[in-house]
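Here is the structure we will look at.
The values are calculated or read from the model by the stated rules, or taken from the named source; none is laboratory data. As the structure is a prediction and not an experimental result, all values here were calculated from the model. Glycine also receives a Cβ, built like all others from the backbone with ideal geometry; neighbour counts cover every protein chain displayed.
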Amino acid sequence: MDVEKLPNWPAVRAMIESDAGARNPKRVARKIAGLLGLPYIGSGAHRVALDLGSAILKVALGKRGLRENQRESGLFFSLPPRQRVHLATCLAAGPGWALFEKLIPMSYQSGYREHRLRMQEIRNEIKRLGIYDISSPRNWGLREGWGPVVLDYSLYTSPPPAATGNSASSLPSGRPGSPANKLAGKYCNPEYSPPIYCYQTNRKECSGT
């Protein structure tokens, strides 16, 4: 799916650019869900999760959410397969949004008791990344036929894997004719890091050069 062709995406981009979510994140999260016409799953202080049927769309509520999407997708694609497998799969990412595999939610009542030992093993395996705020089962999900994986991993203390020195505080314009590279109807701006990725080929589809 081309996320940027969803109905009212330009209006959502404008909300992100204005940092609207910094003032009233819950209201902005619901408004974004309504504008895009997608079922609301939940939201935090900086991002909203929407149901795309076979995948989960995380949309930034403002500039902080933009950076969280950037860090989360950047970390995923920087890791070797042996560590990546412990994280929710990032399918694609672009300015203001990131697309992830859909997982079965976990809670203390459902899934935690059966998988808590494996969760601790995973924490030990990815300890060097410094991912924090993953003690609660709400930050985990269950991959069918596999087991627990980390659902939300935008908060970590290791150096940002895709850091380029460019500011992530604004969104690329993505307009035709700009010095950006075109990919499947999208525009990848050199100022945006990370660029749009393709999980299937495990490489940057648009380098911005």
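If the condition is being surrounded by fewer than 20 Cβ atoms within 10 Å (Cβ to Cβ) and assigned to a loop (DSSP other than H, G, I, E, B), then the range 43-55 contributes Gly44, Ala45, Leu52, Gly53, Ser54.
For the structure I just gave you, tell me whether Leu75 is buried (at least 17 other Cβ atoms within 10 Å of the Cβ) and touching a residue at least 60 places away in the same chain (Cβ under 8 Å). Yes, satisfied.
With respect to Arg82, is the statement that it is in a helix (DSSP H, G or I), modelled with pLDDT of 95 or more, surrounded by fewer than 22 Cβ atoms within 10 Å (Cβ to Cβ) and not small (Gly, Ala, Ser) true? Step through it out loud before you land on a result.
Numbers: in a helix (DSSP H, G or I): yes; modelled with pLDDT of 95 or more: no; surrounded by fewer than 22 Cβ atoms within 10 Å (Cβ to Cβ): yes; not small (Gly, Ala, Ser): yes.
No; evaluated as a whole, the condition is false for this residue.
A Cβ distance below 9 Å, combined with a sequence gap of six or more or placement on separate chains, defines the contacts here; from the range 19-36, residues that are buried (at least 18 other Cβ atoms within 10 Å of the Cβ) reach residues that are aromatic (Phe, Trp, Tyr) in the pairs Ala29/Tyr40; Ile32/Tyr40; Ala33/Tyr40; Leu36/Trp9. Is there a residue being more than 14 Å from the chain's Cα centre (by Cα) and touching a residue at least 24 places away in the same chain (Cβ under 8 Å) anywhere in the range 85-93? Yes, the conditions are met somewhere in the range 85-93. Going by what's in this entry, would Val59 be described as β-branched (Val, Ile, Thr) and within 9 Å of the chain's Cα centre (by Cα)? Answer is yes for this residue.
Scanning the range 8-42 for residues that are closer than 20 Å to Phe100 by Cα and outside any helix (DSSP H, G or I) yields Gly37, Leu38, Pro39, Tyr40, Ile41, Gly42.
State whether one or more residues within the range 112-120 are polar (S, T, N, Q), modelled with pLDDT of 90 or more and more than 23 Å from Pro25 (Cβ to Cβ).
Start the filter on the range 112-120 by keeping residues that are polar (S, T, N, Q), which leaves 120.
Still in the running and modelled with pLDDT of 90 or more: 120.
If we keep only those that are more than 23 Å from Pro25 (Cβ to Cβ) too, we end up with 120.
The answer is yes; a qualifying residue exists.
Residue count for the range 97-151 under the criterion of being charged (D, E, K, R), under 18 Å from the mean Cα position of the chain (by Cα) and either assigned to a loop (DSSP other than H, G, I, E, B) or exposed (fewer than 14 other Cβ atoms within 10 Å of the Cβ) (or both): the result is 2.
So in the range 56-68, with the set limited to residues that are of a type in the set (D, E, K, R) and closer than 17 Å to Arg138 by Cβ, which one is surrounded by the most Cβ atoms within 10 Å (Cβ to Cβ)? The extreme case among them is Lys58.
When we screen Ser43, Ser73 for residues that are touching a strand residue (DSSP E or B) at 6+ places or on another chain (Cβ under 7 Å), within 13 Å of Ser154 (Cα to Cα) and small (Gly, Ala, Ser), the only hit is Ser73.
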